[in-house]
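Below is one structure, written out as structure tokens; comments come after it.
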Number of protein chains: 2
Amino acid sequence: MNMKEFSSLVGLSSYTLRYYEKIGLLKNVQRNSSGHRVYTSKDLRWIEFVKRLKDTAMPLEEIQEYARLREAGSSSVLQRQALLEKHKRNLIDHITQQQSHLADLEDKIDLYKKGKVR
Amino acid sequence: MNMKEFSSLVGLSSYTLRYYEKIGLLKNVQRNSSGHRVYTSKDLRWIEFVKRLKDTAMPLEEIQEYARLREAGSSSVLQRQALLEKHKRNLIDHITQQQSHLADLEDKIDLYKKGKVR
DNA sequence: CGTTGACTTAGAGTTAACTCTAACTTGTAT
DNA sequence: ATACAAGTTAGAGTTAACTCTAAGTCAACG
């Protein structure tokens, strides 16, 4: 799969994909005879995973750390699990806080609906 | 209330508070005889509201827009309500997506727990 | 065979949201 | 009175995460 197809498939610009490779988020991307990148379904699954971590507010630096651990092989399995479990706790806290903010926002909108805001 | 007290009460640095004032997020802050800022409980309620919008990922530019509308008085009530209702829809979408990501993350962690990750 | 479009690189530029610095003034404690 | 903490301003610097530019290569099309 070439740059253009992969880019539109994952919804990231070619700039961003090259940037991710540059900072080590995406490794060992294959090249064809003319030096162009060739993406595989393995790259697709990895980028989708990276996107989910990013969308749940994990900094790229921490995703890099996960990538580095993965690169290190089986010996890092426990560290990777711990990293994801920490992220899960953060995510749960985040969702809880967003729900509380939503309730506050609904209260505020109710004041507008009742004409109590001037 | 002086800068230091207000700063620690709202959890924003003095730098940030001055910055918010500079960009028009915080208006008409009172001054004492020596030119130092004096914050009121009205400022406190407003900043807490701003913080909630910010924590729910509303860009400062859009919060500025709300501030501007508020400044314009009663004639902008409907616009402000519409802005908050749009934000509410965004927030609900965000929470839904985060919950879905959480489920995916839990699945991934389960793979680790079952020793299915190498 | 020449243009078009997609690709390559290194490195510069952008954006949002702060965060800090320099130079200075003012209020409080010893 | 003098040190020290806290405040002031304008404007410069930082950070994360892109985003773009310049200069070039390469394959396919008419």
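Quick note: the coordinates plus some simple rules give every number you see, no bench work behind them. In this text, all values refer to a predicted model and were calculated from it rather than measured experimentally. As a convention, Cβ positions derive from the backbone with ideal geometry for all residues, glycine included, and neighbour counts pool all protein chains shown.
Points worth noting:
- Chain B: angle of helix B:60-71 to the longest principal axis, Cα-based, in degrees nearest 10: 40 degrees
- Residue-averaged [θ]222 nm for chain A, counting only DSSP H segments that reach four residues, each worth -39500 (n - 2.57): -23000 deg cm²/dmol
- For chain B, a Gaussian network of Cα nodes joined below 10 Å ranks B:ARG52, B:ARG31, B:ARG18 by mean-square fluctuation, and the top entry is B:ARG31.
- Just so you know, the averaged projected area of the alpha carbon convex hull for segment A:3-113 sits at 9.6 nm².
- Between A:GLY24, B:GLY73, A:VAL50, the Cα set farthest toward the positive side of the dipole of the protein assembly as shown (charges on each charged residue's Cβ, about the Cα centre) is that of A:GLY24.
- Partners of B:LYS22 within straight-line reach, counting lysines whose Cα lies under 28 Å from its Cα and excluding those fewer than 8 residues away in the same chain: A:LYS108, B:LYS4, B:LYS42, B:LYS51, B:LYS54, B:LYS86, B:LYS88.
- Mean-square fluctuations from a GNM of chain A, with a 10 angstrom spring cutoff on Cα atoms, peak among A:ASP55, A:ASP104, A:ASP93 at A:ASP104.
- When A:THR96 is represented by a point 7 angstrom out along its Cα-to-C-beta vector, the spacings to that point in the other copies are 2.5 nm, nearest first.
- Label point 7 Å beyond Cα along the C-beta direction, distances from B:SER76 to other copies (nm, shortest first): 5.0
- Peptide-level mean, for B:97-103, of C-beta atoms on other protein chains within 10 Å: 5
- Acute angle (nearest 10 degrees) that the helix B:41-55 long axis makes with the longest principal axis of chain B, alpha-carbon atoms: 30 degrees
- The dipole here belongs to chain A: it is taken about the Cα centre, uses +1 on the Cβ of Lys and Arg and -1 on the Cβ of Asp and Glu, and is about 220 debye.
- Most mobile listed residue (B:LYS42, B:LYS88, B:LYS27) in chain B, GNM with C-alpha springs under 10 Å: B:LYS42
- Column: log10 I(q)/I(0), Debye, Cα scatterers of segment B:42-88, q = 0.15, 0.18, 0.20, 0.26 Å⁻¹: -0.36, -0.52, -0.65, -1.06
- Assuming charge only on the beta carbon of Lys and Arg (+1) and of Asp and Glu (-1), the dipole of the protein assembly as shown about its Cα centre is about 220 debye to the nearest 20.
- Restricting the calculation to Cα atoms, every distinct pair contributes to the Kirkwood radius of the protein assembly as shown, found to be 21.4 Å.
- Long-range amide H partners of A:VAL38 with built H, under 5 Å: A:GLN30, A:ARG31, A:ASN32
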